[in-house]
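Undergrad: Let me begin by handing over the structure; questions about it come next.
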Amino acid sequence: MPTPGRTRTRNHDDAPDTVEAFARLATLEPGPAHDALRDDLVAQWLPMARRLAGRYRNRGAELEDLHQVAAMGLVKAVDRYEAARGAFEAYAIPTIDGELKRHFRDHLWAVHVPRRVQQLRNKVRVARRDLQDVRPGEPTIADLAARCGLDEQDVREGLEALESYRSLSLDVESRGGDGDGPALADTLGAPERGFDTVVDRESVKPALRALPERECRILHMRFFQDMTQHQIAAELGISQMHVSRLLSSTCSRIRNQALAEYRHAA
């Protein structure tokens, strides 16, 4: 009669019979013998881990990186496995899959996307693939929503997330493909410093209109006629110190009023 706990179904050729080895590992104290047996178990199950990693190929990650992530998941499964949990394969597969999915979630998104949107993306991706298998062509938003059991807005978020997985290099050609086209970076606009000037000018207009005639004239002579304070004082028949005080107080008043208007609008 088979020993209880040792009989199990082996679904794959890469699922070795290691029941006795795990039982022996559980009896060993930490040390060289324990480590050697642990390493042997990892080596025996490594083909299965590589098979699981292969399911995630062509999704933007190098296969060798996926093999390493799957191997890390396998080591965790070996270290945490308890025979009472059932067959090792049944415990190891979700553990390794979890490591692979976490790797994609945490390390391979070009743009940070909330987990909820990542889940929407996965549902939409699977639904689109299933619908395309039945009927070639791009399914509609309504078709995807019905297939996923989501509303159309969630489907749109999932579709947008499909485009967030990878980023496009600014060095890539913007058109063509013969190597002579301009880089994408060369077609992008640059900040226009004149825009800030226009915004600042419009912001101070109300305060300038409210200035007394003398202060307005002083500002015009100083900033538009490029006159010195000494020249302005001589023109107005006042001291240079008085001109300085008027310039300082007028500019502060205009600045404070413009900032107050900005805060109110915000």
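Undergrad: Got a sec to turn the phi values of the stretch 213-223 into Karplus ³J(HN,Hα) couplings, 6.51 cos²θ - 1.76 cosθ + 1.60 with θ = phi - 60°, whole Hz, x for Gly and Pro?
TA: 4, 5, 5, 5, 5, 4, 4, 5, 5, 6, 9
Undergrad: Calculate one ³J(HN,Hα) per residue across the stretch 83-88 by plugging θ = phi - 60° into the Karplus curve 6.51 cos²θ - 1.76 cosθ + 1.60, and present them in order as whole Hz with x for glycine and proline.
TA: So the Karplus estimates, Gly and Pro as x, are 4, 5, 6, x, 4, 4 Hz.
Undergrad: What is the calculated FRET efficiency for His67 to Glu138, with r their C-beta to C-beta distance and R₀ = 35 Å, to the nearest 0.05?
TA: Taking R0 as 35 Å, the efficiency between His67 and Glu138 is 0.55.
Undergrad: Right, another one. Using the Karplus equation 6.51 cos²θ - 1.76 cosθ + 1.60 (θ = phi - 60°), what ³J(HN,Hα) coupling, rounded to whole Hz, does each residue of the stretch 195-206 give in order, writing x for Gly and Pro?
TA: Per residue, the Karplus-derived 3J(HN,Hα) values read 4, 5, 5, 5, 4, 5, 5, 5, 5, 8, 4, x Hz.
Undergrad: A further question follows. Over the stretch 190-266, what is the relative contact order in whole percent, taking alpha-carbon pairs under 8 Å and six or more residues apart?
TA: This gives 33 percent for the stretch 190-266.
Undergrad: Dipole of the stretch 122-161 (Lys/Arg Cβ +1, Asp/Glu Cβ -1, origin at the Cα centre): which of Ala127, Ala145, Gly158 lies farthest to the positive side?
TA: Ala127
Undergrad: Run the 1.4 Å probe and let me know the accessible area of Lys101, rounded to the nearest 10 Å².
TA: Counting only protein heavy atoms, the figure is 120 Å².
Undergrad: Moving to a separate point now. Which of the peptides 15-28, 197-210 is most tightly packed, and how do the rest follow, judged by the mean count of other Cβ atoms within 10 Å per residue? Let's see the in-between values first.
TA: On the way: 15-28: 14.6, 197-210: 12.0.
Sorting 15-28, 197-210 by mean packing, highest first, produces 15-28, 197-210.
The values are calculated or read from the model by the stated rules, or taken from the named source; none is laboratory data. Note that this is a predicted model, so its numbers are computed, not measured. Because the Cβ atoms are built from the backbone with ideal geometry, glycine has one as well, and the counts that use them run over all protein chains shown. Remember, those area values only see protein heavy atoms, side chains included, never the ligands or the DNA or RNA. Shrake-Rupley method; radii C 1.70, N 1.55, O 1.52, S 1.80 Å.
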